[in-house]
Amino acid sequence: MELNAEQQFKDIQNNLATVRQRIVDACKKAGRDPASVRLLPVTKTVPAERLRIAYAAGCHEMGENKIQEAREKSEVLSDLNIKWAVIGHLQTNKAKYLARFANEFQALDSLKVAEELDKRLQNEGRAIDVYVQVNSSGEASKFGLPPEEVCAFVQKLPSYSSLRIKGLMTLAIFSSDHDRVRECFVKMREIQAMLRQEAPAGLSFDELSMGMSGDYELAIEEGATVVRVGQAIFGKRPLPDSHYWPGMG
Ligand SMILES: *Cc1c(COP(=O)(O)O)cnc(C)c1O
């Protein structure tokens, strides 16, 4: 490895170790088993060559929020055994791409997308894990179902047999006020509890994907089982979040 690549490898390895340790500490504080929280590294904007290094450093799952970027990287890195998670809004006409390479889709928020994705997956002879995205902050800029619509929405999902419904996903409010962030996570836990009573048989809502670089410890305290962490592993992105989340800010 050239020096630069070696340095990148060490940085990623160190950052991963730090995040993992903080996950363990947050679990201890909350009286939870650290094995109950999965770290999903978020790789958006990180170039494919760097992801090769990240893979060597221990990132075997990668989360991307844009289908085009995810698709390109999955092709360039197809020699590695990476599990790809699409964690951003999907347009119906892009479902066919996702169906080819993704192992997981965490941003389901419409029946049109569910139907198209299911159809495309059946064509491919595949099934994937799916999370329903909820807009827990109520911000107009965020995707996801309003909390009050989630129950009716999930009643329709058993028709899509290639979607293995696993749980819920959310982005909390972007705020330095911890109480407001926590409120979003608490709301998710309440919706999860409600679904355990009300959801149709065969769907599972055990997974709660919530928490990012700035708030994953808080999310773990409130029951997250998947945390999606990008910048704390790969460093700050060059442009503000408003650039990477279409429709935000
Ligand atoms: C970018 C992104 C993350 C990770 O954010 P970081 O601040 O880099 O940790 C998590 N979830 C989604 C949906 C994202 O787009």
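Below, the figures for the structure above:
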| read-out | value |
| --- | --- |
| Stretch gain in nm, segment Gln91-Asp179, where the contour uses 0.36 nm per residue and the Cα spacing is subtracted | 28.4 nm |
| Area of Ile87 that stays accessible when all protein chains are in place (1.4 Å probe, Å², to 10) | 20 |
| Virtual paramagnetic centre 7 Å along Cα→Cβ of Ala35, amide N under 19 Å, in the stretch 197-239 | 206-208, 224-227 |
| Span-rule helices in the chain, defined as complete DSSP H runs reaching 18 Å or more along the axis (Cα) with Kyte mean at least -1.0 | 3-30, 178-198 |
| Per residue accessible area in Å² of the chain, where ligands, DNA and RNA are left out and the probe is 1.4 Å | 47 |
| Relative contact order computed over the stretch 5-233 (Cα-Cα under 8 Å; 6+ residues apart), in percent | 20 |
| Estimated 222 nm signal from helices in the chain, with DSSP H stretches of n ≥ 4 weighted -39500 (n - 2.57), rounded to 500 | -13000 deg cm²/dmol |
| Calculated FRET value between Ser161 and Glu198, using beta carbons and R₀ = 22 Å, to 0.05 | 0.60 |
| Rounded FRET efficiency, nearest 0.05, which uses the C-beta distance separating Arg20 from Leu80 and R0 of 22 Å | 0.60 |
| Cα-projected label distance for Arg100 with Ser213, points at 7 Å along beta-carbon direction, nm | 3.1 |
| Spatially proximal lysines relative to Lys119 (Cα-Cα < 29 Å; intrachain offsets below 8 disregarded) | Lys44, Lys66, Lys73, Lys83, Lys94, Lys96, Lys142, Lys156, Lys166 |
| Ordering of 109-118, 77-86, 31-40, 209-218 by packing [mean C-beta count within 10 Å, highest first] | 209-218, 109-118, 77-86, 31-40 |
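The values are calculated or read from the model by the stated rules, or taken from the named source; none is laboratory data. None of the values given here were measured: they were computed from a predicted structure. Glycine gets a Cβ as well: all are built from the backbone with ideal geometry, and neighbour counts include every protein chain shown. Only protein heavy atoms, including side chains, enter the accessible area calculation; ligands, DNA and RNA are left aside. Shrake-Rupley method; radii C 1.70, N 1.55, O 1.52, S 1.80 Å.
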